1. Among Val158, Ala244, Ala182, whose Cα projects farthest towards the positive end of the dipole of the chain, with charges put on the beta-carbon of Lys, Arg (+1) and Asp, Glu (-1)?
2. So between Leu274 and Lys296, what do we pick up on full extension, going 0.36 nm a residue minus the alpha carbon distance?
3. Dipole magnitude of the chain about its Cα centre, charges +1 at Lys/Arg Cβ and -1 at Asp/Glu Cβ only, in debye to the nearest 20?
4. How large is the accessible surface per residue of region 233-287, computed with a 1.4 Å probe and reported in Å² as a whole number?
5. So, counting K/R as plus one and D/E as minus one, what does the shell of residues with Cβ under 14 Å around Val209 add up to?
6. Any idea of the accessible area per residue across region 1-129, 1.4 Å probe, to the nearest Å²?
7. On a 0 to 90° scale, report how tilted helix 238-248 is relative to the longest principal axis of the chain, with both axes built from alpha carbons and the result rounded to the nearest 10.
8. Taking the Cα centre of region 35-143 as the origin and placing charges on Cβ (Lys, Arg +1; Asp, Glu -1), which of Leu113, Phe65, Val40 is farthest toward the positive end of the dipole?
Amino acid sequence: MIDSVPDLPEWPMFGLAEDVRPAMAAARAAGQAFVLGTLVAVGGGGPRPEGTQMVFAPGLVAGYFSGGCVEGDVAGHARACLADGRPRTLVYGEGSPWPDIRLLCGARIEIVLERIAADDPALDALLDAWTARRPVVYASDGTRRICAPGAPVFAGAVAVRAYEPTPRLVIVGGDPTALAIAELGARSGFETTLVRPKGPSAPPPVTGVAYRRDEPGEALAAIGLDPWTYVAVATHDLDTDRAALKAALPSEAGYVGLLGARRRLAGRLAELELDGTPAAAIARLRAPIGLDIGGKAPFEVAVSVIGEITALRHAGALTATAQAS
């Protein structure tokens, strides 16, 4: 039905999550086709980068392009695309057929809309890779689409996005600072796990945070530390800290940070070296943990930790883009 895409609510909670794959998975599970919108060109410093996507499905909207300037109009075109199956290219800003719809920043953006069936093979490949934590590249010309590792971009493809596994955050600890890091991590889009060895049987009262009570080495091995997993060690217990660092530092984890006073750091690093942790692994430890923003209250430390991890993630993305170009 042409009205199956919902009207956008006044409060755009649909735009808080960066990852649109959960919305795609929900539509596929319901056996519903959906419309995928991809931002394919940005001129004049738009608010969102090329590759940004939105999903429009019956009863569901996810992602955002402009922070409210164009989303309502895009939703209307998505209804029509879902109804007739024809792809569309939408232009807002200079050269737009809708001069009354402008971005407040003065940017020019182009968006491609495409209807994707619930049984589309590229969708299956994308969501299977998401579950298996494999990076892939999605490419489409609006009617033909491919999703595979590497760079399967074909002639005529205009909608292109590289997908990485969902970032994971593991916090070892259980005090207010550890809880604040866990809560902010979950709110920031990380699959978040709090590890508190021999902790309470009841999980922490923090929404979206998994909980483990086993020892750090066992917990980290069970979670699996790949390059998209970030570890924050914040226990105030030297033995637990050492066990967590011994497991995390030699792993493929993208980040390992340690909470603690700078004046005690040299001694703690020496203990790790005596315990057999390779020097190269020790050298990548971020300690004291987080960006130096001056605050020491739990959520101030959490902001500094999530900020440091986010800066590291985007620096890696920029490096990978530069190497590929």
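The values are calculated or read from the model by the stated rules, or taken from the named source; none is laboratory data. Nothing here was measured: the structure is a model prediction, and the numbers come from that model. Cβ: placed from backbone, ideal geometry, glycine included. Neighbour counts: every protein chain shown. These accessible areas exclude ligands, DNA and RNA; they are computed on the full protein's heavy atoms, side chains included. Shrake-Rupley method; radii C 1.70, N 1.55, O 1.52, S 1.80 Å.
1. In the chain, that residue is Ala244.
2. Details: separation 22, 0.36 × 22 = 7.92 nm, distance 3.07 nm.
Taking Leu274 through Lys296 to full extension adds about 4.8 nm, to one decimal.
3. On the way: 30 positive and 36 negative charges, 94 e Å.
For the chain, the charge dipole is close to 460 debye.
4. Details: 2890 Å² over 55 residues.
Solvent-accessible surface per residue comes out at 53 Å².
5. Numbers: positive: Arg168, Arg187, Arg196, Arg212, Arg213; negative: Glu183, Glu191.
Net local charge, Val209 excluded: +3.
6. Details: 5840 Å² over 129 residues.
Ligands and nucleic acids excluded, the result is 45 Å² per residue.
7. That works out to roughly 50 degrees.
8. Phe65
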